[in-house]
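One structure is given here, and the rest of the page talks about it.
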Amino acid sequence: MGGVEDEEPATKRMKLSSGELRGLSNGTSLIDPVAGSSRDLMARPLPSAGDDEVVGSKGVIKRVEFVRIIAKALYSLGYKKSGAHLEEESGISVHSAVVNLFMQQVLDGNWNESVNTLHKIRELDEKIIKSASFLILEQKFLELLKEDKLMDALKTLRTEITPLCINGPRVHELSSCLVAPSLLGSRAQDNVRLKSRTKLLEELQELLPPTIMIPERRLEHLVEQALVLQKDACFFHNSVNEQMSLYTDHRCGSEQIPSRTLQILQAHSDEVWFLQFSHNGKYLASSSNDRSAIIWEVDANGALSLKHKLCGHQKPVSSVSWSPDNRQLLTCGVEEAVRRWDVASGECLHVYEKPGLGLVSCGWFPDGKWIFSGVNDKSICMWGLDGKELECWKGQRTLRISDLEITSDGKQVISICRENAILLLDREAKVERWIEEDQTITSFSLSKDNKHLLVNLLNQEIHLWNIQGDVKLVAKYTGHKRSRFVIRSCFGGIDQAFIASGSEDSQVYIWHRLTGELIEALPGHSGAVNCVSWNPVNPHMLASASDDRTIRIWGGLNTQNVKCGGCDGGTLSNSNGVHYSNGKA
């Protein structure tokens, strides 16, 4: 369990130096008049926006805004009589009389009248009036074209749209429709498709200030936002089936987190350095200092059994990588070779080597047709499945101890290129970006959505970086122990809401990703925990690999202990045979 002497090859043990629109305002549609547009409602002036009467115990909700949003929600839900009654009883209109008139004119196609009314709406500056007028007149132009009124459409373009002196490129697009009006609404003219008046009103609603036209489904948006904030703030939220109620504040219990040992796998004869669940969650692959890798199968009840033990590497196996379709597995020996295995049979399908050099990492291209590998001459190579080297990026691209990831779109290759830097290589654009740390980087993990990178450092910190656009550090996680060896962490749980990591104090650590709070430190192993992997399909299953030669499978507190035929204390002895690199047992 100790470190390897300095003169030995670099290994995991190497010591490291420092939709559809349901209703518009007041529930309108193309065939329904604007609710609240009767003379009595239109005549009622909108209450002053300066009304400072508030409701709620915190004194932060303005009564006028609250009532208007509730009435708008009633209209949107189809309760038009109730919405109108609320306006009548409260004396608070959803919209002013002039706004109601404007909306009805748009729906009725009274284009010139609606533009005139637009100028009568107070609080609109010239820029908004011009932009809204442009949308209205554009709709007028396109409807005239559809009716084959070419001269009227031309007149609208020349005398009404062009004088606004805005959106020149759009004016040119509209002009092209005059040349070939038959293309209007076709795929060739998708950018100038005629929209419904309902859609036009929705676009105008987004353009005008919310105090004038309340955004559609505003109440639903506020309620959803509150529920999402409660969920994100819940330390233990980790279930797709957890129903959130409006009646009570949302809280989950700690039983949602995999914190109970369900199974102990003991088929490796030496330290277990790496493990990774398959993309479909049906398999777990582990690799060890005993120079083997093992494929474990997860049954319908969540029990793991040994499917294949993969032998043939001449050195310890430092990492594994699953193919996109989960049918093949790559294993990488320490500065040795990469082997590709068939998951169903356990046979070695190919060995990837470079004469005089050793391979240090491996990964798959998203379509499963190519593989990548880091080489101990600091280059990164791309191979065909047949072993033909297709491309090689020379120079300072990787290290002797380095992880390798390829984003799901295949555009970026990610690798540790210096002790304190990670290379983000855009293989198509030939552009390089870097994450630079003040400390030595020991490992990293890529999030499922390719937006974030989890970086383990020598100083016992784990950093979360946003790698979209300009790289940015967004969170830090601390508490675990790391003094000598490579310790790996991972994302996990529903929406990858948690961060898990191994630790040299024999525990598994789990943090809440957003808050950075440490929520679990799981004891059980008797040696350093080198690697963790969270099942991507089952949010309640976590695996950990340790120097104590075991793999622990963790589940929720309410999960029953897994019972396997032929198992004693969680030890699995059923095997389909040992498979060597030539495919022979």
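Net charge in the neighbourhood of PRO163 (other residues with Cβ under 15 Å of its Cβ; Lys, Arg +1, Asp, Glu -1) is +2. Within segment 408-488, the GluC sites (Glu not before Pro) that combine a DSSP coil assignment with at most 10 other C-beta atoms in a 10 angstrom radius are GLU428. Taking a ≥ b ≥ c as the square roots of the eigenvalues of the alpha-carbon gyration tensor, segment 374-419 is classed oblate because a/c is 1.5 or more while a/b is no larger than b/c. Relative protection proxy for 506-514, 355-363, from highest mean packing down: 506-514, 355-363 (other beta-carbon atoms within 10 angstrom).
Protein heavy-atom surface of segment 254-555, 1.4 angstrom probe: 43% of the accessible area is carbon and sulfur, with nucleic acids and ligands not counted.
Spin-label model, GLU517 to HIS85: label points 7 Å out along the Cα-to-beta-carbon direction sit 4.3 nm apart. Per-residue accessible area (protein heavy atoms, 1.4 Å probe) orders MET382, MET244, MET151 as MET151, MET244, MET382, starting from the largest.
The Cβ shell under 11 Å around GLN496 holds other residues with a net charge of +1, Lys and Arg each +1, Asp and Glu each -1. Taking packing as the residue-averaged number of other Cβ atoms within 10 angstrom, the listed peptides 62-72, 547-557, 444-454, 121-131 run from highest to lowest as 547-557, 62-72, 444-454, 121-131.
Take the Cα radius of gyration of segment 254-555 and divide it by 2.2 N^0.38 Å, N being the number of residues; the result is 0.92. Between the alpha-carbon centres of segment 92-150 and segment 217-244 there is a gap of 37 Å. Between GLU224 and LYS58, the FRET efficiency from the beta-carbon distance, with R0 = 25 Å, is close to 0.80. Ordered from highest to lowest accessible area with the whole protein assembly present and a 1.4 Å probe, TYR247, TYR477 read as TYR247, TYR477.
The values are calculated or read from the model by the stated rules, or taken from the named source; none is laboratory data. Owing to the predicted nature of the structure, the values given are computational and were not obtained by experimental measurement. As a convention, Cβ positions derive from the backbone with ideal geometry for all residues, glycine included, and neighbour counts pool all protein chains shown. Accessible surface is based on the protein model in full, side chains and every heavy atom, while ligands, DNA and RNA are left aside. Shrake-Rupley method; radii C 1.70, N 1.55, O 1.52, S 1.80 Å.
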